[in-house]
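The values are calculated or read from the model by the stated rules, or taken from the named source; none is laboratory data. Here the structure is a predicted model, which is why all the values come from computation and not from measurement. Cβ sites come from the backbone with ideal geometry, for glycine too, and all protein chains shown count toward neighbours. Remember, those area values only see protein heavy atoms, side chains included, never the ligands or the DNA or RNA. Shrake-Rupley method; radii C 1.70, N 1.55, O 1.52, S 1.80 Å.
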Amino acid sequence: MPAVNPHYEWPMRKLFIKTYGCQMNVYDSHRMADLLAPLGYGVVRTPEEADMVILNTCHIREKAAEKVYSELGRLRVLKNAKVEAGGKMLIAVAGCVAQAEGAEIVARQPAVDMVVGPQSYHRLPEMIARVTRGAGAVLETEFPVEEKFDSLPEEEMPRGASAFLTVQEGCDKFCTFCVVPYTRGAEFSRPVADIETEARRLVDSGVREITLLGQNVNAYHSDGPDGKAWGLAHLIRALAKIDGLERLRYTTSHPRDMDDELIAVHGEIEKLMPYLHLAVQSGSDRVLSAMNRQHKREDYFKLVARIRAARKDIALSSDFIVGFPGETDKDFDDTMDLVRQVCFAGAFSFKYSPRPGTPASSERQIPEEVKDARLQKLQALLFEQQRAFNKSCEDRIFSVLFESAGRKEGQAVGRSPYLQPVHADGALPLIGELHEVRIVAALPNSLKGVLVEAEYSTRVGESAH
Ligand code: SAM
Ligand code: SF4
């Protein structure tokens, strides 16, 4: 008997979504699943099982975009096999590659039925209807961002203990290396009331931690219920009042938009986790200016000092690009120096990847082997700092939000306030909850901990004998 959708008494259709790239894509993939649930689509784990496959793509670097075409080649084989066996399979390409390449995707891979940009995926149900009626491949790459959020249904799919919530989309900053302003469109902030409603619904469904998302999340500005303009700080204060919501985070932040109020909120709101991702990209003023980042290295140092003064236990992470056109050895040394001075608990670092249509892509490029050597050097330093930070966590007690089962029997994995994965034996029944954990060992990419309550009960048990 075919599986039945719990909401509707008709045979369940199977949906597989593969997500590439940033957390905003993860959020969008969840929303696409919510959107298609009323049509009878339930999410499955492999494309082999699926009646419909969505690739939710990323265009930020060339490698990310090329991966999509290889995956489409594999899906075409799968689709042909299904059709030969009398079945069918729809293939949709969503996300930023869809936005940037549009009809070119169908030209390169005719097995694709739908191409839908990140601001128009709310139109997927009608696109599916058009394809099923035999309209051929269907494309939607407009930017009706406001309409998108208004048309999305309530959340259908369970999110677990930690969820993303997009509060801001797009970007007006036009860094010379970046495709986001072209693929996600102009900056847009969602109304406060909509965000509060979505946050409450998430909490009612068991979510304990929400990460507010935006390409430039700290540029958030919208009308509050009091008719006044609210920035991100104001929004965080309001969300922190929701009972049952234990943790808040936000990402990604641009240094230029870290205002005094937002810095102050880090010292005021306990629920706001002491871990901040503050992308700097380079430590060289010359490169920062060529990137159009609109701040200097000295501004970044001053900003970090103010944030650390507001919240003593805060740790920082960042994004770096090496091998930007024109980057000299001296510029790269300035980046290494900035890293040494700031000291990061974690970071993402990339080789510059020329993106079509962006100003820096037409500049003279740095040889690949130079980029490789610089990336290796930078990553070694960042990794050393991450290890040192993890080591400094040994013997500390962290509140850990358990999210999933670990590899060992009875073990669960959760996140520390600093987003480090923490493994603890015997914590399996505690998934979805926050518990105190003593960190007993720092591994390079995670921590090992012991539940404080288990330690306590062992001690009580020992003294009873
Ligand atoms: N809005 C954030 C900011 O201003 O820092 C960054 C968001 S961007 C989607 C994520 C990261 O991808 C950037 O911080 C940058 O390090 C990296 N990135 C963007 N374009 C890139 C490119 N052309 N080559 C390499 N890395 C890139
Ligand atoms: Fe891209 Fe961030 Fe620059 Fe906007 S601020 S253009 S998202 S790197």
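Show me the strands (runs of 3 or more DSSP E) found entirely inside segment 198-313 where at least 2 residues are basic (K, R). Walk me through it before giving the result.
On the way: elements: 209-213, 221-223, 229-231, 247-251, 275-277.
Where strands (runs of 3 or more DSSP E) fall fully within segment 198-313 and carry at least 2 residues being basic (K, R), they are 247-251.
Has segment 387-406 got at least one residue that is among the aliphatic types (A, V, I, L, M), touching a residue at least 60 places away in the same chain (Cβ under 8 Å) and over 22 Å from H277 (Cα atoms)?
no
Please state which one of P356, P367 is loosely packed, with under 15 Cβ neighbours inside 10 Å and within 16 Å of ligand 2 (Cβ to nearest atom).
From the options P356, P367, the qualifying one is P356.
Return the total of residues in segment 116-175 being at pLDDT below 95, among the polar types (S, T, N, Q) and either away from ligand 2 (no atom under 16 Å from the Cβ) or in contact with a His (Cβ under 7 Å, 6 or more places away or on another chain) (or both).
4
For segment 276-316, name all the residues that are among the polar types (S, T, N, Q) and touching a residue at least 60 places away in the same chain (Cβ under 8 Å).
Within segment 276-316, Q281, N292, Q294 meet the criteria.
Only one of these is away from ligand 1 (no atom under 16 Å from the Cβ), open to solvent by less than 10 Å² (accessible area, probe 1.4 Å) and touching a Lys or Arg at 6+ places or on another chain (Cβ under 6 Å): V138, V112, V179, V116. Name it.
Every option except V138 fails the conditions.
Tally the residues that are away from ligand 1 (no atom under 16 Å from the Cβ), open to solvent by 70 Å² or more (accessible area, probe 1.4 Å) and either assigned to a loop (DSSP other than H, G, I, E, B) or not aromatic (F, W, Y) (or both), restricting the search to segment 377-402.
Matching residues across segment 377-402 total 7.
Which of the residues spanning segment 278-298 are away from ligand 1 (no atom under 14 Å from the Cβ) and over 18 Å from S349 (Cβ atoms)?
Once the filter is applied, which keeps residues that are away from ligand 1 (no atom under 14 Å from the Cβ) and over 18 Å from S349 (Cβ atoms), segment 278-298 yields D285, R286, S289, K296, E298.
Given the residues F402, F344, F324, which is the only one that is closer than 30 Å to Y182 by Cα and not polar (S, T, N, Q)?
F324
From the residues in segment 259-279 that are open to solvent by less than 40 Å² (accessible area, probe 1.4 Å) and out of contact with any Lys or Arg (no Cβ under 8 Å at 6 or more places or on another chain), which one is nearest to ligand 2 (Cβ to nearest atom)?
Filtering segment 259-279 for residues open to solvent by less than 40 Å² (accessible area, probe 1.4 Å) gives 262-263, 265-266, 269, 272-274, 276-279.
Add one more test, that the residue is out of contact with any Lys or Arg (no Cβ under 8 Å at 6 or more places or on another chain), and what stays is 262, 276-279.
Values: L262: 16, L276: 16, H277: 12, L278: 12, A279: 7 Å.
The selected residue is A279.
What residue, of D331, D337, is under 28 Å from M258 (Cα atoms) and surrounded by 14 or more Cβ atoms within 10 Å (Cβ to Cβ)?
Sole residue among the options that is under 28 Å from M258 (Cα atoms) and surrounded by 14 or more Cβ atoms within 10 Å (Cβ to Cβ): D331.
Cβ-Cβ under 7 Å, sequence separation 6+ or interchain: first residue in segment 349-371 and of a type in the set (D, E), partner more than 10 Å from ligand 1 (Cβ to nearest atom). Which pairs?
Listed pairs, sorted by first residue: E363/P325; E363/G326.
For segment 319-331, does any single residue satisfy the condition of being assigned to a loop (DSSP other than H, G, I, E, B) and within 13 Å of ligand 2 (Cβ to nearest atom)?
The answer is yes, given that some residue of segment 319-331 is assigned to a loop (DSSP other than H, G, I, E, B) and within 13 Å of ligand 2 (Cβ to nearest atom).
Give just the number: which of (1) in contact with a strand residue (DSSP E or B) (Cβ under 7 Å, 6 or more places away or on another chain); (2) in contact (Cβ under 8 Å) with a residue 40 or more places away in the chain does P125 not satisfy?
Unmet for P125, out of (1) in contact with a strand residue (DSSP E or B) (Cβ under 7 Å, 6 or more places away or on another chain); (2) in contact (Cβ under 8 Å) with a residue 40 or more places away in the chain: (1).
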